[in-house]
């Protein structure tokens, strides 16, 4: 069941990638996933993307997650006008979405099964990869509603602050572990995009 | 004879009344826009040197948040942001120089307060930057709320409202602190940097600038709490409503632009937009610019030459600057802050 879900996530993501491929290449060189790459934990995030308590005014109740894709920030609402803010990597052009969802499932060190389409594009990808430090999904994953997207860790910490994913939201492993322990299944997640012209 | 004397009296009274009205009328300047256009540049009173807000380089090029606001007004009027001249004014002379018509606008980190509007015949059109008193302390203390500062030793500058606000805040929250006060800000910072106190308090925008000069800037955090109100606003002379509206809506155009996603980079795309609120902003619908005494594309000019509110913030004091002040209160109302502009319609 778990593998099946991963497969679906990656298949849909890859299909989307095919559809918007010319677009995304124009916008941003595709760095691609690097399975097996052991994350360099000494990578120092830009101050803007380090976990920190910030002022944030909202009517949403404490415990709600608000993701601002334009800012590359994920806010965990604390109440009293403050939020815990994490830096994230977001979907590239063609992989942006917004909405209101709930966390439906949580997994530690999730496995990864890239779909055939993705393997066709990146032949070096493994057919299956067990969860672990070299896995592109990183240390934790939180599934978003019935969508194929999730909040997960990464083995490419230097991609935080960029828009290169297939629509998922990535945090550095230390942050995703921290967030994972703070939010239960059922947590409300609001994803906001910048307005269109 | 009687009628003649009566007529003379009435004549004198009328003449005196007319003269009084004329004098009163003269006291108030209502021609700032006309004069600015004739002169060909906007005269801006600015701070002589405040990193992030207004500071000249060796060649005399001014940069900063307050400087950019003045350039935005120049862009709206002349379609050229360089048609702004910067005149450094110190805190004591700033309001007098504005009243004496030495400058058209003060864009000089001035706090909007009631008495400044009522006592000086001045008007603060809108809040450009919400500042307020904050706290800096060593990261290692692992404190993330001002309410956890009970029992701290706090460094503060003497003879400031900062010191009074500090006392009020701790009393209101039933907390104790030990105060270390100094006459000079430099001494406050030195005492904090050498560990003589646990916490340094000053206006938040100042704390970020002061942190840059500490021996290990990265070892210090600034709490998100703001305990006082220091709304920084541009200032104009009272009763010149046409000019006041230009200054006010220049700022609101920049805030609305950010909310609508219009930036200096996509302004040409925005001019082709079919979204009604974008069209009203950039002037492809309505005559909002003409109603201000400017042109249809007044706001598009501002955005093209200077940028929207977020761009100006990031470049000068935010993530794209050395200061790296989080948006906080100055984030849009729809994204966690309180910056809110009335609609253009």
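No lab work stands behind these numbers, since they all come straight from the coordinates. Note that this is a predicted model, so its numbers are computed, not measured. All Cβ positions, glycine included, derive from the backbone under ideal geometry; neighbour counts span all protein chains shown.
Assorted remarks:
- Ranking of B:273, B:110, B:215 by count of other Cβ atoms within 10 Å, fewest first: B:215, B:273, B:110
- The alpha carbon convex hull volume per residue for the stretch B:144-300 rounds to 179 Å³.
- Where Rh is the Kirkwood radius over Cα pairs, Rg/Rh for the protein assembly as shown: 1.06
- Dividing the convex hull volume of the alpha-carbon atoms in the stretch B:286-344 by its residue count gives 94 Å³ per residue.
- Rg and Dmax of the stretch A:33-76, Cα atoms only, in Å: 14.3, 42
- Every Cα-Cα pair of the stretch B:186-258 was included, and the share exceeding 21 Å stands at 51 percent.
- Going by neighbour counts of Cβ atoms within 10 Å, the residues A:113, B:160 line up, fewest first, as B:160, A:113.
- Its alpha carbons give the stretch B:163-227 an Rg and a Dmax of 12.1, 34 Å.
- By definition, a body whose alpha carbon gyration tensor gives a ≥ b ≥ c is oblate when a/c is 1.5 or more and a/b is not larger than b/c, and the stretch B:54-108 fits this oblate description.
- Shielding by partners, peptide B:328-337 (average Cβ within 10 angstrom, other chains): 5
- For the stretch B:224-280, the convex hull spanned by the alpha carbon atoms encloses 135 Å³ per residue.
- Our analysis of chain B gives Rg over Rh at 1.07, with the two radii drawn from alpha carbon positions and Rh computed by the Kirkwood formula.
- Distance distribution P(r), the stretch A:137-197, all Cα-Cα pairs, bin width 5 angstrom from 0: 4, 17, 27, 25, 17, 7, 2, 1 percent.
- Cα radius of gyration and Dmax for the stretch B:242-345 (Å): 13.5, 40
- Across all Cα pairs in the stretch A:81-197, the calculated P(r) in 5 Å bins from zero up to the longest distance comes to 2, 11, 20, 24, 23, 12, 6, 2, 1, 0 percent per bin.
- Put in line by how crowded their Cβ is, counting other Cβ atoms within 10 Å and starting with the fewest, A:100, B:149 read A:100, B:149.
- Per-selection Kirkwood Rh - the stretch B:63-170 (Cα, Å, 1 d.p.): 17.2 Å
- The stretch A:56-118: C-alpha pair distances exceeding 18 Å, %: 55 percent
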